[in-house]
Every structure is written in C-alpha cells, then in structure tokens.
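Engineer: My questions all concern the structure below.
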Amino acid sequence: MNDTPMVEADRVSKSFGSNQVLRSISLTVKRGEVMCLVGPSGSGKSTFLRCINHLESVDAGRLRVDGALVGYRERGDKLHELKPQEAALQRRDIGMVFQRFNLFPHMTALENIIEAPLRVKRMSRAKAIERATDLLAQVGLDDKAASYPAHLSGGQQQRVAIARALAMDPKLMLFDEPTSALDPELVGEVLDVMKQLAKEGMTMIVVTHEMGFAREVADSLVFMDGGVVVESGVPREVLANPQHGRTQSFLSKVL
Amino acid sequence: MNPESLSGPAAGATPSPDATHSSSEGAAIKSVKLRHPIRNVFAVIIVLLAVAFVYDAALRPAFNWPQVAKYVFDRRISEAAFNTLQLTVYSMVIAVLLGILLAVMRLSPNPVFKSLSWFYLWVFRGTPVYVQLTFWGLLSVIYPVIDFGLPFVDPFISLPTGDALNVFQLAIIGLALNEAAYIAEIVRAGILSVDRGQDEAATALGMSWFQSMARVIIPQSMRVIIPPVGNEVISMLKTTSLVTAVPYSFDLFTRSRDISAEAFTPIPLFLVASIWYLAFTSILMIGQYFLEKRFARGIGAAQPEKKVTVATGLVTVVGSPSDDASEPPRDPRGDGTR
Ligand SMILES: Nc1ncnc2c1ncn2[C@@H]1O[C@H](COP(=O)(O)OP(=O)(O)OP(=O)(O)O)[C@@H](O)[C@H]1O
Ligand SMILES: [Mg+2]
C-alpha cells in the first residue's frame, strides 16, 4: 500500500499583486480521503484548489500531489518551471468540477465526456464511447448521451461534468462549490453521485457549504478564513464544537 | 401623384380578424387584433413609389435595357464575373486562415507571437488597400528576383518575380493579406467572447493551450465570428474591383468598364455588373445562413421557438444586431467606412 499522501501542502502562499490570498497553508490529504473545505467568500478556497492542479502557481512553500511537486521540478535546491506539456500531464490525473459546470455547450453530453480521452489520452473512439456510456450510467444519465448541455437541467449538467472529469481516470477529484449554482431540489442528485464516488474510494477535496454532506461523507473538515487554515479536524467534532471564534460565527450563519 | 388620397381605403383594407370560435376548455381569448393603420398607409405609399420608379426606369432610354439584356450573359462578362468570384473566394479563404492564425498569435502567451501579430495589424490596417495592391503590382520592380538559399551563399534557385507570380496571384495576395488583418480582429473579438471557464475546463482536463483553442474556444466563437465574416466576404466581393491597381483587368468591374468604353454605353454595362454582384451576394447570404445554423448547435437551443424560416433568416443574417449582449462590435475598422 502506497502511503504517500495524495496532496501535501507545506506552508503554501499565493498573492495576486499585493493581495495575499493564501498565507502559509499546510495540510495533508491522504489517499481515499474526502476533505471538505469551508470558509467565507474570498477566503481563498477556490484559489487553493486551482493551485493544486496548477491553474494558478504558488509563490512560496511546497505543494505536492502524489509525491510530485505541482508545476515545478526540484533539481538540487533549485526549482525549475515545468514545460506546458509537463504541466498538462500532471493535470490530467486531477479531475476538477466547477461551480458553473463549464460543460462545452457545442458538444453533446457524450462528446463532452469523450473529448479529453480522445485528444489527451489518444484513446480509441470506440473505447472512449464505451467508457463514457458507463460513466453516464453511473451518474444516472444513460438516456441523455445525445443531449446538448442547454437541454439539461443544472443538476444533470453537473453530473455530466463529473462524468467528464472521471473519464480521465483521475486519482484526485477537486470540487469547487459543485452545488452552489443549483436549485435546491437538484442539489441532492449531485451530492448522491459524489457520495457514491467517495464510497468507491476516490480521493476528493470538496469546497462546499453543504454541511450535511461534510458531516456525513467527509473524513476531515478544514475551515479557512483570510487565507489561513483556522481550524481543521473530524467534521462531526468541528461542526458540533468549533474551537475558534471565527469558525463559530461562520458556522452559525451556514448551519 | 397624390398619396394622401389613398390613405382612406388603405386603412380600411386590413382584414378584420375572425375570432368567433371558442372551445369548451378554458376561455379562448377573443381579442381584436391590434391594427396598424399608419404602417399600412406607409407600406402602400412605398409600394406605389417603387412601382412608379420601376415603370419609369423600364422606359428611360439611358438605362438602355436591350443593351443590358445583350451584355448580361455576354461571354466576356460571365468570364469576368467568374474571375471576380475566384478572386473573392481565394483571397477570403487565405484571409480567414491567416486571420485565425494572427488572432491566435495575438492572444497566445508567447510575447514574440503577440508582437508579430500586432505589427502585422498595424501595417496592413494602417494603409489603404488600394496602395497595398499597387505595391504588390510593383513587387517585380522592387524585388526583381526571388532567391531561395542561405545568406552569403549563391542561391540554390533564383526565380524572376514576374515569372513566379502573375497579376492574378498578386491580386489575391494583396487582397488576402489586407483582409487577414480585419478577420484577425473579428476572430479575436469572437475568442474573447467565449467564457473563460471554458478554457479552464479544457485545461483542467489536461488539454494543451492549442487543443483548447482548436476544439473548445474557436468552435464556440464561430457563432459570433460568422456574421461579421459574412459581411467581410460580401465586402470583399466588391473590393475586388480595386485589383485594377495591380493592374489586373479581368475582373467584373474593370471588364464592364472596358467594354462600356468601347461601346460608348457606360450605364447599361454598370447595370450588368450590378446584376452579377447582386446575384453573387444573394448566393453568399444563403451560404452564410446555413453556416450560422451549423455553428449555433447546442447554443441557444434552450429556446425552441428560435426556428427561423429561410425567408426571414435571409433578411436578418447580414449585419443585423442580435440580442446577444456579448456581441463584439460588428465593424472592426471602427470607422464605419470601407
Ligand atoms: N485571478 C485573480 N486575480 C486577482 N485576484 C484574484 C484572482 N482570483 C481570486 N482573486 C482574489 O483572491 C481572493 C480569494 O478568492 P477565492 O476565489 O479563492 O475565494 P473563495 O474562498 O473561493 O471565495 P468564494 O466562496 O466567493 O468562491 C479574493 O479576494 C479574490 O478577489
Ligand atoms: Mg470560490
């Protein structure tokens, strides 16, 4: 059993200009772990997720995914920036699900799912379609393969987006507020897919305001505010008995 | 003619809606359709004026219709029309490919490509197309031979420029390189109109910058790009009349002018040329309609009532402002002139 942590952040910092968004974040996500990341708006949750798959680069500290430094190569005591192709190679093992789905509107659900396997993994078309069909069934949308995103409800779109990310067989899934843009009655169907995924042992980092999901599914809960990790621990304990004043006041608003 | 006298009967001519049928389920709305008396009056006036103009034009000797009929399918004219069509199609194809390349270079993260593209646009938009065409015509004077080889070494191949490129090809190069600068701006606006989340999603899936452009961004920007490019094609059809600057003299306009000079009948020949230009424009508009439909796939499909009939589609395709707020400016030259 490989016990390298899936994600290891060691004093990670990130600024946009003079605005320091992440301040010395240290945390570890083990294999198969589901971590929920919560915190007020602007606390840097999205930025942290985007650093993990190198959509943003970190300024200081070390960020490792599955033992490999994100976006850099370590040679001696110097860091060398990765070539775009190498960065892309790292990213394809990390699935990402966005708040606003970001499905490709000019492609059907099936085409959305097979696009990256075809182009990035150079999978054969027949194999990609077979896999996509399985994934659509897994998220409960076998009958929507030929639908364009505009014809799908928000919940269905988000489930296609999850299937699209899974088609690359990622070892880590990042969810950035996957249910925040959904009508309340559609939240459940997306959370169910995510629960199933967690049950199957996927490593997941989930930014969410769904505290029920955090309590029920997550192995750990991290509360961020102002770019720092204020508090972390077992979800049930943090939610029931927050130690820090900022956690208490945040939770009192969302619970 | 006194249009006033016609307004009375015209207003009354609106068919009154027959809204008497009702159904048992729910109360059917039996409204009296809104009438547009002023609109009808104007329509009648305009139709009458048009009829009067056509009637007058048909009899006016200056138009010399028998002469028009004689020349419209004249071999020399139809040949020239075909040349004009070729100039348009070839230069436009090159311009679109080069324009996409320039736009992508301009938006690429590579500063060398960026500056190169910027410089190209600066030169080719900053000078009149007529001047550029003249320059291409003088190419063989400025650069008498084209050498293929390495610097400071005798060239492997040495071609006289005049032999390598004829005036037709020079005309196409001249038109295409100028047009590419405008296409580049249209494409760039189209690319920028695509939501940033799309590129992010593609990148997160491990797609390269180029794959994301080619597979995700550019196909989506087509919806925004095609209407103004359609305008450019139609504009190009007419810009070809400037190739006389090269000098290439076998295009529709120059040929018509030459024939009219020897036949001493300028007006009928310009009518002949106009008929051909209009015919081509109409065909291009139909092509544009089908292209637009093709690239609207999946977008705006949520509104099922968006089934445009061919007739209304034709009227609205070119340059009609759509209700999409993210639309880039339709006139990339920014000055409203051609
Ligand atoms: N590309 C960027 N350029 C400049 N500033 C940015 C950029 N992205 C994010 N920021 C800033 O970083 C801060 C943190 O943003 P981030 O999106 O990570 O917060 P968040 O915790 O995800 O908030 P939310 O709950 O609203 O999504 C904000 O102040 C934001 O303005
Ligand atoms: Mg966010």
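Engineer: Straight-line reach from A:Lys144: which aspartates and glutamates have a Cα under 16 Å away, not including same-chain ones fewer than 8 places off?
Structural biologist: Within reach: A:Glu111, A:Glu130, A:Asp134, A:Glu189.
Engineer: So what does the Cα-only Debye profile of region A:12-136 read at q = 0.10, 0.17, 0.23 Å⁻¹, as log10 I(q)/I(0), no solvent term?
Structural biologist: Per q value, in the given order, log10 I(q)/I(0) is -0.42, -1.06, -1.39.
Engineer: For A:Lys121, list the aspartates and glutamates whose Cα falls under 12 Å from its own Cα; do not include residues on the same chain fewer than 8 positions away.
Structural biologist: Result set, ordered by chain and number: A:Asp93, A:Asp169.
Engineer: Checking the a/c ratio against 1.5 first, then a/b against b/c, what shape does the Cα gyration tensor give for region B:159-244?
Structural biologist: oblate
Engineer: Follow-up question, since we're still on this one. To the nearest 20 debye, what is the magnitude of the charge dipole of region A:182-233 about its Cα centre, counting +1 on the Cβ of each Lys and Arg and -1 on the Cβ of each Asp and Glu? Walk me through the numbers on the way to the answer.
Structural biologist: Working: 3 positive and 10 negative charges, 40 e Å.
Rounded to the nearest 20 debye, it is 180 debye.
Engineer: Now for a different question. With no solvent and one equal point scatterer per Cα, compute the Debye intensity ratio I(q)/I(0) for region B:121-201 at 0.14, 0.26 Å⁻¹ and report its log10, rounded to two decimals.
Structural biologist: -0.66, -1.14
Engineer: Looking at the calculated P(r) for region A:1-46, what percent of the C-alpha pair distances fall above 11 Å?
Structural biologist: When every Cα pair of region A:1-46 is considered, 73 percent fall beyond 11 Å.
Engineer: When the convex hull of the Cα atoms of region B:48-167 is projected onto a plane and the area is averaged over all directions, what value comes out in nm²?
Structural biologist: Spelled out: convex hull of the Cα atoms, projected over all directions, averaged, 14.3 nm².
Engineer: If DNA, RNA and ligands are ignored and the probe is 1.4 Å, what is the ranking of A:Thr203, B:Thr127 by accessible area, most exposed first?
Structural biologist: B:Thr127, A:Thr203
Engineer: Right, here's the next one. Explain nothing, just compute: Karplus ³J(HN,Hα) = 6.51 cos²θ - 1.76 cosθ + 1.60, θ = phi - 60°, for every residue of region A:229-235 in order, whole Hz, x for Gly and Pro.
Structural biologist: Once rounded to whole Hz, the list reads 7, 7, 7, 8, x, 5, x.
Engineer: Taking a label point 7 Å from the Cα of B:Ile267 along the Cα→Cβ vector, which residues of region B:66-85 have an amide N closer than 15 Å to it?
Structural biologist: Answer for region B:66-85: B:66-69.
Engineer: If one puts a single equal scatterer on every Cα of region A:185-244 and applies the Debye formula without solvent, what log₁₀ I(q)/I(0) results at q = 0.15, 0.25, 0.28 Å⁻¹?
Structural biologist: -0.48, -1.09, -1.23
Engineer: In addition: Other chains near B:192-205: what is the mean number of their Cβ atoms within 10 Å of each residue's Cβ?
Structural biologist: Shielding by partners across B:192-205 averages 6.
Engineer: Ok, one more. Can you return the lysines within cross-link range of A:Lys45? Criterion is Cα-Cα under 17 Å, with same-chain partners fewer than 8 residues away left out.
Structural biologist: A:Lys14
Engineer: Can you run the Rg to Rh ratio on chain A? Use alpha carbon positions and the Kirkwood inverse-distance Rh.
Structural biologist: Working: Rg = 18.3 Å, Rh = 18.9 Å.
For chain A, the value is 0.97.
Engineer: In addition: For peptide A:54-60, compute the average count of partner chain beta-carbon atoms within 10 Å of each residue's beta-carbon. Show your work: numbers first, answer last.
Structural biologist: Numbers: counts 2, 4, 0, 0, 0, 0, 0.
For peptide A:54-60, the averaged partner shielding equals 1.
Engineer: Work out from phi, with θ = phi - 60° and the Karplus expression 6.51 cos²θ - 1.76 cosθ + 1.60, the ³J(HN,Hα) of each residue of region A:141-146, listed in order in whole Hz, and give x for Gly and Pro.
Structural biologist: So the Karplus estimates, Gly and Pro as x, are 10, 4, 8, 10, 3, 8 Hz.
Engineer: Based on the mean of other Cβ atoms within 10 Å per residue, sort peptides B:277-284, A:22-29, B:148-155 so the most packed one is first.
Structural biologist: Ranked from most to least packed, the peptides come out as A:22-29, B:277-284, B:148-155.
Engineer: Which of the peptides B:37-44, B:102-109, B:167-174 is most tightly packed, and how do the rest follow, going by the mean number of other Cβ atoms within 10 Å of each residue?
Structural biologist: Order by mean packing, descending: B:167-174, B:102-109, B:37-44.
Engineer: Please give the direction-averaged projected area of the C-alpha convex hull for the protein assembly as shown, in square nanometres with one decimal.
Structural biologist: The Cα convex hull of the protein assembly as shown, projected and averaged over all directions, gives 43.3 nm².
Engineer: When the dipole is taken about the Cα centre of region B:163-293, and only Lys, Arg (+1) and Asp, Glu (-1) are charged at their Cβ, what size is it in debye, to the nearest 20?
Structural biologist: Dipole of region B:163-293, to the nearest 20 debye: 240 debye.
Engineer: How large is the dipole of region A:118-255 about the Cα centre if only Lys and Arg carry +1 and Asp and Glu carry -1, each at its Cβ, rounded to the nearest 20 debye?
Structural biologist: Its charge dipole is roughly 620 debye.
Engineer: Which residues in region B:162-194 place their backbone N less than 20 Å from a point set 7 Å from the Cα of B:Gln86 along the Cα-to-Cβ direction?
Structural biologist: Answer for this model: B:162-177.
Engineer: How crowded by other chains is A:94-105, given as the mean number of beta carbons from other chains within 10 Å of each beta carbon? The partial results should precede the final answer.
Structural biologist: Working: counts 3, 3, 5, 2, 4, 1, 3, 2, 10, 4, 10, 12.
Mean inter-chain Cβ contacts per residue within 10 Å come to 5.
Engineer: Where the Cα atoms of region B:215-258 are projected onto their three principal axes, how long is each span, largest first, in whole Å?
Structural biologist: 49, 16, 11
The values are calculated or read from the model by the stated rules, or taken from the named source; none is laboratory data. Since we're looking at a predicted model, the values are computed, not measured. We place every Cβ from the backbone using ideal geometry, glycine too, and count neighbours over all the protein chains shown. Remember, those area values only see protein heavy atoms, side chains included, never the ligands or the DNA or RNA. Shrake-Rupley method; radii C 1.70, N 1.55, O 1.52, S 1.80 Å.
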